[in-house]
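To start, the structure under review is shown below, and the notes come after it.
Each reported figure results from applying straightforward, stated rules to the coordinates on display, with no laboratory input. Everything numeric in this text was worked out from a predicted model, so none of it was measured. With ideal geometry, Cβ positions are generated from the backbone for all residues, glycine too; neighbour counts draw on all protein chains shown.
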Amino acid sequence: MIFFNSSVVYQNSRAFERRFKLHPLVQNLLDNVLIFTKLSLKKDINGRITSTVSTLEEDVNFHRKSTTHLEGRAFDFSVKDLDEQEIYNLKVAFQNVAGHLGAWQSGGGKTDYKYRCLIVDHDIGLGRHLHFQIGKDIAQNFKD
Ligand SMILES: [Zn+2]
């Protein structure tokens, strides 16, 4: 799909050049998030993807705790001009269809409670974005 591989969709050349190093499931998820944004939310998708695959050095610089970008299991999606309702609609839509693919996250505290987390809504200093991630087990067990 040439349109969604266009360099203008990506905020920087690093994210663009490394997009095909993403896990195939993550590439598919990324395309579907862009389609949803364009067709359902009717929002511009240019500059929307801010990060794909990272290097260890970049993870250290960004103080990233997880290895999901390094391992090609995550991408970052900027919510720059979306309102709260649109962000909510997008999160719910993808949680419903792909929540079972999310990375395992610890519930915190002293419990062993863990849950699958597909979307992390946060700002690590580069603007608010949705971090989409798939589980290591999902990535490893994937067969096409
Ligand atoms: Zn991220």
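Remarks
- Each Lys and Arg adds +1 at its Cβ and each Asp and Glu adds -1 at its Cβ; summed about the Cα centre, the range 101-144 shows a dipole of about 100 debye.
- For the range 21-144, the Kirkwood radius over C-alpha pairs fed into Stokes-Einstein at 37 °C and 0.692 mPa s yields D = 219 µm² per second.
- Among 36-46, 73-83, the peptide with the highest mean count of other Cβ atoms within 10 Å heads the list, and the full ranking is 73-83, 36-46.
- Pairs with C-alpha atoms separated by more than 28 Å, drawn from the list 65/91; 80/143; 43/136; 21/65; 42/65; 91/114, are 80/143; 43/136; 42/65.
- Between 27, 105, 11, the Gaussian network model of the chain with springs among Cα atoms under 10 angstrom shows the greatest mean-square fluctuation at 105.
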